[in-house]
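See structure below.
The values are calculated or read from the model by the stated rules, or taken from the named source; none is laboratory data. Given the structure is predicted, the values throughout are model-derived calculations rather than measurements. Don't worry about glycine lacking a Cβ; one is built from the backbone with ideal geometry, like all the others, and counts go over all protein chains shown.
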Amino acid sequence: MRRALVTGGASPIGAAVCRALARDGCAVVVHAHRHGDHAAALAAEIGGSAATFDITDHDATRDAVEALLEAGPIQVLVHNAGLHDDVPMAAMTEAQWRRVMAVSLDGFFHVARPLLLPMMGTRAGRIVAMSSVSAIMGNRGQANYAAAKAGLIGAVRALSLECAPRGVTVNAVAPGLIDSPAIAAAVPPEAVKRMVPARRLGRPEEVADLVAFLCSGRAAYISGQTVSINGGMA
């Protein structure tokens, strides 16, 4: 049985990804930072396990990941953790810039690096980083978020070249407007119809199905790619 780690696994998209990977036969480790109880409940539901640590903290993440590796290699990593702190750049503080970068971009490095050599040793691994449509087309008030998510795309392209000879694929998924309490509160239905050619929000399960495919054996020849799922926005 393949072991999978999903960062931000208690979020709407993260939870859907965890369920999809579990249905595909993975033993899923559901990661959380502040919502360890949610991660534990989801892990119990899908027959997985939970891990709580701060991915912005290099040393804490290294220690947590090394503890997970004591049970064997993790062959699937989905880096779903991310953070919004939206404000026009002219009014953005350094803390707002760095905090968003720390979760999405630094967090990817902190989690992925200690997993790489054990994963490569299995000659079969999958890494998926969750980017965003904001990285592709931009969005007002999201210079920090768009930069972090675009950085993931660059990291994926470079890392895929390093991993391909060892049977490990590395890809990014770039969702658009996906249904969640935060999106529902921020984007009225009328605005969704104007912004999205498909005239609706995406569902977390639709993103999860794409991620699960990229993590499967059927996607063994797909690497270094950014796959958009946004209802035609970009």
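Structural remarks
- Given (1) out of contact with any Pro (no Cβ under 6 Å at 6 or more places or on another chain); (2) surrounded by 18 or more Cβ atoms within 10 Å (Cβ to Cβ), number of the condition Pro12 does not satisfy: (1)
- Considered as a group, the residues in the range 174-206 that are small (Gly, Ala, Ser) and surrounded by 14 or more Cβ atoms within 10 Å (Cβ to Cβ) include one that is modelled with the lowest pLDDT, and that residue is Ser180.
- Identity of the residue in the range 165-187, closer than 30 Å to Val87 by Cβ and assigned to a loop (DSSP other than H, G, I, E, B), that ends up farthest from the chain's Cα centre (by Cα): Val187
- Counting only helices (runs of 4 or more DSSP H) that sit completely within the range 51-148, those holding 2 or more residues that are under 19 Å from the mean Cα position of the chain (by Cα) and within 28 Å of Ile178 (Cα to Cα) correspond to 94-101, 107-121, 133-137.
- Residue ID - nearest to Leu105 (Cα to Cα), chosen from residues in the range 1-25 that are free of Cβ contacts under 8 Å to residues at least 60 places away in the same chain and in a loop (DSSP other than H, G, I, E, B): Ala10
- In this structure, Ala220 does not qualify as small (Gly, Ala, Ser), touching a residue at least 40 places away in the same chain (Cβ under 8 Å), farther than 13 Å from Val133 by Cβ and surrounded by 19 or more Cβ atoms within 10 Å (Cβ to Cβ).
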